[in-house]
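The values are calculated or read from the model by the stated rules, or taken from the named source; none is laboratory data. Since the model is a prediction, treat every value here as computed from it, not as a measurement. Note that each Cβ is placed from the backbone with ideal geometry, even for glycine, and that neighbours are counted across all protein chains shown. Please note that ligands, DNA and RNA were not included when accessible areas were found on the heavy atoms of the full protein model with its side chains. Shrake-Rupley method; radii C 1.70, N 1.55, O 1.52, S 1.80 Å.
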Amino acid sequence: MDRPQYLVAHLRRALAEDPRTAELGVQVTIRGDVVVLGGEVSSVERKLQMEKVVREQLPRAHIHNDVHVTPPCAPGPAEALAD
(Lines give C-alpha, C1' and ligand atoms only; values in the text may rest on other atoms or scores of the structure.)
Protein backbone atom coordinates (compact mmCIF):
# COMPACT_ATOMS: atom_id res chain seq x y z
CA MET A 1 0.00 0.00 0.00
CA ASP A 2 1.00 3.62 -0.44
CA ARG A 3 1.33 6.09 2.41
CA PRO A 4 -1.61 5.62 4.77
CA GLN A 5 -2.65 9.30 4.87
CA TYR A 6 -2.96 9.41 1.06
CA LEU A 7 -4.89 6.16 0.96
CA VAL A 8 -7.27 7.36 3.65
CA ALA A 9 -7.96 10.56 1.70
CA HIS A 10 -8.39 8.59 -1.52
CA LEU A 11 -10.83 6.13 0.08
CA ARG A 12 -12.83 8.86 1.83
CA ARG A 13 -13.18 10.67 -1.48
CA ALA A 14 -14.24 7.47 -3.26
CA LEU A 15 -16.89 6.78 -0.60
CA ALA A 16 -18.18 10.35 -0.80
CA GLU A 17 -18.29 10.56 -4.59
CA ASP A 18 -19.55 7.09 -5.48
CA PRO A 19 -23.34 7.23 -5.99
CA ARG A 20 -23.75 3.82 -4.35
CA THR A 21 -22.46 5.17 -1.05
CA ALA A 22 -22.30 9.00 -1.02
CA GLU A 23 -21.06 8.85 2.58
CA LEU A 24 -19.22 11.76 4.16
CA GLY A 25 -19.33 10.77 7.83
CA VAL A 26 -17.62 7.41 7.65
CA GLN A 27 -14.24 6.97 9.33
CA VAL A 28 -11.47 5.28 7.36
CA THR A 29 -8.36 4.09 9.18
CA ILE A 30 -5.44 2.07 7.89
CA ARG A 31 -3.62 -0.24 10.29
CA GLY A 32 -0.83 -2.07 8.50
CA ASP A 33 -2.49 -3.79 5.56
CA VAL A 34 -6.00 -3.57 7.04
CA VAL A 35 -8.55 -0.91 6.09
CA VAL A 36 -10.96 -0.24 8.96
CA LEU A 37 -14.32 1.37 8.20
CA GLY A 38 -16.29 2.92 11.05
CA GLY A 39 -19.36 5.04 11.60
CA GLU A 40 -23.08 4.65 11.03
CA VAL A 41 -25.23 4.15 7.95
CA SER A 42 -28.96 3.73 7.44
CA SER A 43 -29.04 0.26 5.83
CA VAL A 44 -27.18 -3.02 5.51
CA GLU A 45 -27.09 -2.45 1.75
CA ARG A 46 -25.19 0.82 2.23
CA LYS A 47 -22.74 -0.91 4.58
CA LEU A 48 -22.03 -3.64 2.02
CA GLN A 49 -21.69 -1.12 -0.81
CA MET A 50 -19.06 0.77 1.20
CA GLU A 51 -16.98 -2.37 1.48
CA LYS A 52 -17.41 -3.00 -2.24
CA VAL A 53 -16.19 0.52 -3.12
CA VAL A 54 -13.10 0.06 -0.95
CA ARG A 55 -12.44 -3.36 -2.49
CA GLU A 56 -12.59 -1.82 -5.98
CA GLN A 57 -10.00 0.77 -4.94
CA LEU A 58 -7.72 -1.67 -3.07
CA PRO A 59 -8.40 -5.22 -4.29
CA ARG A 60 -5.71 -6.83 -2.10
CA ALA A 61 -6.52 -5.01 1.13
CA HIS A 62 -8.02 -6.72 4.13
CA ILE A 63 -11.16 -4.83 5.11
CA HIS A 64 -12.63 -4.68 8.59
CA ASN A 65 -16.12 -3.22 8.22
CA ASP A 66 -17.06 -1.92 11.65
CA VAL A 67 -19.88 0.29 10.33
CA HIS A 68 -23.07 0.13 12.41
CA VAL A 69 -26.49 0.09 10.77
CA THR A 70 -28.94 2.49 12.39
CA PRO A 71 -32.20 2.40 10.43
CA PRO A 72 -34.19 5.62 10.40
CA CYS A 73 -37.30 5.57 12.53
CA ALA A 74 -40.33 7.78 12.98
CA PRO A 75 -40.15 10.39 15.69
CA GLY A 76 -41.73 9.53 19.02
CA PRO A 77 -44.84 11.18 20.45
CA ALA A 78 -44.80 14.88 21.18
CA GLU A 79 -43.75 15.86 24.66
CA ALA A 80 -46.41 17.67 26.64
CA LEU A 81 -44.99 20.71 28.40
CA ALA A 82 -46.62 22.04 31.57
CA ASP A 83 -47.14 25.76 32.07
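Output the residues belonging to region 17-53 that are open to solvent by 100 Å² or more (accessible area, probe 1.4 Å) and either more than 17 Å from residue 66 (Cα to Cα) or among the charged types (D, E, K, R) (or both).
Those that are open to solvent by 100 Å² or more (accessible area, probe 1.4 Å) and either more than 17 Å from residue 66 (Cα to Cα) or among the charged types (D, E, K, R) (or both): 17, 19, 31, 40, 45, 52.
Condition check: out of contact with any strand residue (DSSP E or B) (no Cβ under 9 Å at 6 or more places or on another chain) and over 19 Å from residue 69 (Cα atoms). Does residue 14 satisfy that?
yes
Among the residues of region 1-16, which ones are surrounded by 15 or more Cβ atoms within 10 Å (Cβ to Cβ) and charged (D, E, K, R)?
12
Report whether or not residue 47 is touching a residue at least 24 places away in the same chain (Cβ under 8 Å), basic (Lys, Arg) and in a helix (DSSP H, G or I).
No, not satisfied.
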